[in-house]
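Here is the structure we will look at, set down as C-alpha cells.
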Amino acid sequence: MGLISGLMGNASGTDVEAVKKDYGKLLGRNEQVVQAYQWIRDLMIFTDYRLIMVDIQGATGKKVNYHSVPYKSIRHFEVESAGHFDLDAELKIWVADMGTTPLVKTFSKDADVYKVQALLAECIGK
C-alpha cells in the first residue's frame, strides 16, 4: 500500500498469510481467510464465513474493535469504481438490522474493486 494512499484513508490489498498469522485467533475452527484489505492500521478481512472489520483505535493501538458481519446479514452492496479525477473506489454494504446507513470503505485505485465485488458476491451467494 502506498503511503499517500494510506494517509488518505484508502485501502489496498494485503498479504493473506500475514493476516492469518496476526488475526488467526479471531477465526473459528475450519474458517479460512480468503482476502484482506488494509488501511494504515485498520483492516477488512474476508473469510469463507464472514466479513471482519478491524478498527484499531487510539494512539497506542491497544484498543481494537472487531466488527464481524456474517455474509447472510448483508442485504445488498454497492461498488463505485475510481475515475479520472476521483482516484478512489468505494464499497458500501447494507447490513440487516443496522438501519439505512451502509458501512462505507474506501479503496485505493491500485485495489481491484471488481475483485472485491466478485468476492463479496461469491461469499453472499453461499
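Data table
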item: Fully extended contour minus Cα-Cα distance, from residue 96 to residue 30, at 0.36 nm per residue; result: 21.2 nm
item: Virtual spin-label span in nm between residue 22 and residue 110, 7 Å along Cα→Cβ; result: 1.5
item: Choice from 59, 18, 36 with maximal GNM fluctuation in the chain (Cα, 10 Å cutoff); result: 59
item: Rough spin-label spacing in nm, given labels placed 7 Å along Cα→Cβ, for residue 126 and residue 62; result: 3.6
item: Inter-label distance for residue 80 and residue 48, nm, one decimal - labels placed 7 Å from Cα along Cα-to-Cβ; result: 3.5
item: Estimated 222 nm signal from helices in the chain, with DSSP H stretches of n ≥ 4 weighted -39500 (n - 2.57), rounded to 500; result: -5500 deg cm²/dmol
item: Bins of 10 Å from zero: percent of alpha-carbon pairs in the chain; result: 12, 44, 36, 7, 0
item: The chain: antiparallel DSSP beta bridges as a percent of all, rounded to 5; result: 95
item: Of 72/126; 92/115; 63/109; 25/62, pairs whose Cα-Cα distance is over 19 Å; result: 63/109
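Read the figures in this text as sums done on the coordinates, not as results from a lab. Note that the coordinates shown come from a computational prediction; the quantities given were computed from them, not determined experimentally. Here the Cβ is made from the backbone with ideal geometry for all residues, glycine too, and neighbour counts use every protein chain on show.
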